[in-house]
Amino acid sequence: MHELGIMTSVMDAACEAARAEGATRLLSIKLSIGEATEAVEDALRFSFEALAASDPFTEGAALDVTMIRPRSVCLECGEEFEHDLYNRFCPACDSFATELLAGRELQIDSIEVDLPDD
């Protein structure tokens, strides 16, 4: 289950950024992840919840996940198209000479935190 490793890294990065800005608590994380990473959204959520519950700084935090469909471009005819994980043939010319443009991303889009009242 590589989702636990992914979420551990995401939580570490988000908590580090939140603490660096003086946050008292991490409230939520918005995450974009490509389907071609083969990460399972339910396993990501389960891992996030387990990790968040183990630290008072993150307890009760929410996770918003956007799964990004694979998209490629045909190197023969230039057609851009979405596809599943296994079928990357160009729908316009049936070429397999394609390049993946999207679907392997992993990025934290935003975090929401509580800041102390000054």
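Just so you know, all these numbers are worked out from the coordinates, no wet-lab data involved. Computed from a predicted model, the values in this text were never measured in an experiment. All Cβ positions, glycine included, derive from the backbone under ideal geometry; neighbour counts span all protein chains shown.
So the values come out like this:
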{"read-out": "Value of relative contact order over the stretch 11-74, rounded to a whole percent, pairs C-alpha under 8 Å and six or more apart", "value": "44 percent"}
{"read-out": "Label-zone membership for the stretch 24-68, site Q107, 7 angstrom Cα→C-beta point, backbone N under 15 Å", "value": "30-35, 66-68"}
{"read-out": "Using alpha-carbon coordinates, inclination of helix 2-20 to the longest axis of the chain, degrees", "value": "50 degrees"}
{"read-out": "Geometric extent, Cα atoms of the stretch 23-118 - Rg, Dmax (angstrom)", "value": "18.4, 62"}
{"read-out": "Selection from C90, F46, G60, by position along the positive dipole direction of the stretch 44-118 (Cβ)", "value": "C90"}
{"read-out": "Student exercise, the stretch 44-103 dipole from Lys, Arg, Asp, Glu Cβ charges, in Debye to nearest 20", "value": "80 debye"}
{"read-out": "Note, ³J(HN,Hα) from phi for the stretch 26-40, Karplus 6.51, -1.76, 1.60, rounded to Hz, x at Gly and Pro", "value": "8, 9, 7, 10, 9, 10, 10, 9, x, 5, 6, 6, 6, 6, 9"}
{"read-out": "Counted charge near D42, where neighbours are those whose Cβ lies closer than 12 Å (Asp, Glu -1; Lys, Arg +1)", "value": "-2"}
{"read-out": "Inter-label distance, nm, simple model (7 Å from Cα along the C-beta direction), S95/E80", "value": "1.7 nm"}
{"read-out": "Helix-only [θ]222 nm of the chain, DSSP H runs n ≥ 4, -39500 (n - 2.57) each, per residue, nearest 500", "value": "-9000 deg cm²/dmol"}
